[in-house]
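One structure is given here, and the rest of the page talks about it.
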Amino acid sequence: MSTPGEQQVHTFSTTFPSGTINARYLLYLPRAYDAQPEKRWPFILFLHGAGERGNNPALVASQGLPKLLRDQPDFPFVVLSPQCVSGSHWHTDALATVLAEAMRVCRIKHVPVWTFHGARDTIVPIESTERMVDALKKCGGQVLFTVYPEAGHDSWTQTYANQQLYDWFLQWRRSEVHLSS
């Protein structure tokens, strides 16, 4: 488990028919996490860009929300930031596995998801995000998908600067999410 108020590195290993994945993730718990064990904390899954792939979680912490957390020890969300292994892409099965590893009770289809992508992204094709959104919808997930028409690969700056994102996160409580099994 992580120390509240800090991002800490964790590892996980899982086997799929295509092979074994050994990966790392950062887990951030709000400073008051241990003091309020009965509280249901809002949750953010942060997926980094291609430049942060590898086996060095410091790369993940250098961008986006994990970077912001260094200066916000009272951030009121649990944040899970997995690291995609070198030469690979995000796979919904691997993401569901790391969520289960970190949460022990989580099934991704029960977690509301809001994805963001720049329409002019030349690094990660928008079709990659569309496939993830489609897969989540097929399994009964509740998904929002925002495309920034003028953004390139950096969709995170606009996303994490948007207060609507945090308001959206705070509207959800696990008991309010009623999706079919």
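The values are calculated or read from the model by the stated rules, or taken from the named source; none is laboratory data. Computed from a prediction, not measured in an experiment: that's the story for all the values here. With ideal geometry, Cβ positions are generated from the backbone for all residues, glycine too; neighbour counts draw on all protein chains shown.
Quick rundown of the values:
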item	result
Near pairs, Cβ below 9 angstrom, 6+ apart or cross-chain, from the range 36-62 (modelled with pLDDT of 85 or more and of a type in the set (D, E, K, R)) to any residue that is crowded, with 20+ Cβ neighbours inside 10 Å and assigned to a loop (DSSP other than H, G, I, E, B)	52/61; 52/83; 52/84; 53/83; 53/84
Any hit, the range 141-162, residues being of a type outside the set (Ser, Thr, Tyr) and at pLDDT below 80	yes
Subset of the range 77-92 (residues that are modelled with pLDDT of 80 or more and among the polar types (S, T, N, Q))	81, 83
Of all residues in the range 122-156 being outside any loop (DSSP other than H, G, I, E, B) and in contact (Cβ under 8 Å) with a residue 40 or more places away in the chain, the one that is farthest from residue 69 (Cα to Cα)	135
